[in-house]
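Please read the structure below before turning to the comments.
The values are calculated or read from the model by the stated rules, or taken from the named source; none is laboratory data. Since the structure is predicted, the reported quantities are computational estimates derived from the model, not experimental observations. Neighbour counts are summed over all protein chains in view; Cβ atoms, including those assigned to glycine, are modelled from backbone coordinates with ideal geometry. Just the protein is used for accessible areas: all its heavy atoms, side chains included, with ligands, DNA and RNA removed. Shrake-Rupley method; radii C 1.70, N 1.55, O 1.52, S 1.80 Å.
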Amino acid sequence: MAKKIHSSGFGKDFIWGVSTAAFQIEGAHDKHGKGPSIWDIFSSKKGNIRGNETAKTSCDFYHRYKEDIDLMKSLNIPNFRFSISWSRILPTGTGKINPEGIAFYNRVIDYCLELGITPWATLYHWDLPHALELKGGWTNREVLQWLEEYTKICAQSFGDRVKYWMVLNEPMVFTGGGYFLGVHAPGKKRLRNFLPAVHHAQLAQGRIGRLLRKIVPNSKVGTTFSCSYIVPKNNSQRNLRAAKRVDALLNRLFIEPVLGLGYPTKDLPILRRLKPYILPGDMEESAFQFDFIGIQNYTREVIQHNYFVPYIKAKIIEAPKRNVRTTLMDWEVYPPSIYEMIRKYDAYSNMPNIVITENGAAFHDTFTKGKIKDKNRKQYLKDHLEQVLKAKNEGLNVHGYFVWTLTDNFEWAEGYHPSFGLVHVDFKTQKRTVKKSGKWYRGFLKVT
Ligand code: FCB
């Protein structure tokens with residue numbers, strides 16, 4: 001008989017939730033004074049998004065937040081991680097505040113609290129106000145002041161009710177995708193954009209963390225990192241070294257400065273080129289004791305040395321070429337990855353509490369007699385939770401888990417094709433249907 005897994009096995013203090021992001025769910029892209037973000041601009045340009053889809057309406061959370069928070073409640077989900085859209089609060093990034101933006105998040109927060117759901121707010125989940133990108137965006141060091149202004153407004157407006165705050169969502173992904181590869185907004189490329197963006201995003205973590213702690217009484221302040229378990233193709237010295245470089249880039253670049261260890265330059269020499277952007281005192285300021293660190297894991301990557309890839313001289317061997325099980329994102333389904341990542345981060349001596357702030361899977365969903373029997377998603381979640389439990393039982397420092405995500409939504413450059421939700425959305429009618437995985441999560445969370 002298959003093993004049963006239930007939330008009670010993780011202890012009564014373990015934190016459970018779902019994660020979302022403003023741009024992916026809200027829609028209402030120009031309603032009630034909202035200004036454009038870099039993702040509004042990027043996704044409106046032909047060729048940037050699969051099928052040229054946009055998030056102008058998406059799942060219309062802006063108007064349907066009550067229905068979706070009701071759904072959360074019905075699924076026994078006690079914590080809701082969402083992000084605040086900067087250009088809904090400050091339409092041009094700085095200066096004039098949009099009161100309707102503040103009012104919207106007040107409604108969301110108040111409704112969560114009314115239903116007994118704890119709000120967890122991310123300040124920056126990739127949607128920089130377009131007006132700030134025109135001034136260089138993350139490549140401009142002034143981004144730190146812009147972010148401070150925005151943070152003060154959010155912390156002062158919502159901090160009486162929101163106690164859990166996250167500064168950034170996955171800085172590696174938004175600097176790598178948006179300022180080096182050009183596959184995410186704002187679509188910039190080249191090392192000369194990437195490096196300053198990295199340093200400024202890195203500095204933002206501690207600086208904004210301190211500010212939140214100062215303004216919000218009894219706050220729990222964190223920030224979130226993407227991570228993938230990195231394995232070499234084989235044990236040849238070249239592949240081992242290549243894997244080490246990729247690990248430094250994907251898994252260590254943003255967290256080690258926070259832990260006071262500086263950049264992992266020894267294992268990734270190209271990072272020496274960050275030097276011109278580092279001002280006196282920066283690395284001291286980077287070290288900050290967060291209350292928790294959010295780690296977001298979906299898969300592992302297999303790495304091979306490759307002389308032709310600039311700077312890193314390494315290549316990811318894509319999962320579809322490895323003859324392994326994959327999701328609709330072409331990511332390998334490899335549950336031990338999440339355990340390995342918890343173990344890796346736990347091993348740092350001054351690591352704050354770890355919370356898994358995202359994990360989940362995109363699979364093709366089909367209706368059979370009005371129901372979605374997404375066995376594969378349910379299995380994915382169960383298998384990953386078993387790995388989290390294994391880590392917890394071994395005494396590793398893991399304290400919570402959030403599923404990505406509540407409803408199907410706009411998956412960045414991939415558009416609506418990969419659906420990650422526990423709840424299906426018919427984007428023509430906005431009808432929500434709880435999938436089998438959602439019903440399973442409800443049972444898993446049920447307090448008995
Ligand atoms: C993460 C993002 C999140 C979502 C998932 C699938 O990298 O933080 O917004 O797109 O991937």
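Positive-end ranking of ALA319, ALA155, HIS399 along the dipole of the chain, with charges on Cβ about the Cα centre, is headed by ALA319. With each label modelled as a point 7 angstrom along the Cα→C-beta vector, the LYS45-ASN234 pair spans 4.2 nm. Multiplying each eigenvalue of the alpha-carbon gyration tensor of segment 1-144 by 5 and taking the square root yields semi-axes of 31, 18, 16 Å, largest first, rounded to whole angstroms. What is the set of long-range amide H partners of ILE317 at a cut-off below 5 Å, with H atoms built 1.01 Å from backbone N? Long-range HN contacts for ILE317: VAL302, ILE303, GLN304. By a 1.4 Å probe calculation restricted to protein chains, ILE372 has an accessible surface near 10 Å², given to the nearest 10. The length gained by stretching the chain between THR57 and ARG210 to full extension, at 0.36 nm per residue less their Cα-Cα distance, is 51.6 nm. Helical content alone sets the calculated 222 nm signal of the chain at -10500 deg cm²/dmol, taking -39,500 (n - 2.57) per DSSP H segment of four or more residues and averaging over every residue. Rounded is the label for the chain. Its Cα gyration tensor axes, ordered a ≥ b ≥ c, give a/c under 1.5. Counting only protein heavy atoms and a probe of 1.4 Å, the accessible surface of the chain is 51% carbon and sulfur. Taking the square roots of 5 times each eigenvalue of the Cα gyration tensor of segment 95-182, largest first, gives ellipsoid semi-axes of 27, 16, 11 Å. The simple Förster model, with R0 at 60 Å and r as the Cβ-Cβ distance, assigns LYS371 and ARG272 a FRET efficiency of 0.60. Picking from THR94, VAL231, GLY11, whose Cα lies most toward the positive end of the charge dipole for segment 7-445 (charges on Cβ: Lys, Arg +1; Asp, Glu -1)? Toward the positive end, the furthest listed residue is VAL231.
In terms of its C-alpha gyration tensor, segment 396-448 has an oblate overall shape, because the principal axis ratio a/c (a ≥ b ≥ c, square roots of the eigenvalues) is not below 1.5 and a/b does not outweigh b/c. Taking 0.36 nm per residue of separation and subtracting the current Cα-Cα distance, fully stretching the chain between LYS31 and LYS189 would add 53.8 nm. Can you figure out the FRET efficiency of THR92 with ILE312, using R₀ = 35 Å and their beta-carbon distance, to the nearest 0.05? Efficiency, from the Cβ-Cβ distance: 0.45. Modelled this way, with points 7 Å down the Cα-to-C-beta line, the labels at GLN430 and ASN106 are 2.3 nm from one another.
Put one equal scatterer on each alpha carbon of segment 207-266, apply the Debye formula with no solvent term, and list log10 I(q)/I(0) at q = 0.27 1/Å to two decimals. Log-scaled intensity ratios, in q order: -1.08. Annotation for segment 269-346 versus segment 164-187: alpha-carbon center distance of 13 Å. Computed with a 1.4 Å probe over protein heavy atoms only, the accessible surface of the chain comes to 41 Å² per residue. Listed peptides 388-397, 362-371 appear in the order 388-397, 362-371 once ranked by packing, highest mean of other Cβ atoms within 10 Å at the front. Based on the reciprocal of the average 1/r between different C-alpha atoms, the Kirkwood radius for segment 304-380 equals 15.8 Å. For HIS32, the solvent-accessible surface computed with a 1.4 Å probe is close to 80 Å², ligands and nucleic acids excluded.
For a quick check: with amide H placed at 1.01 Å from N, whose amide H comes under 5 Å from GLY400's, ignoring anything fewer than 5 positions away on the same chain? It is ILE15, ILE356, by chain and number.
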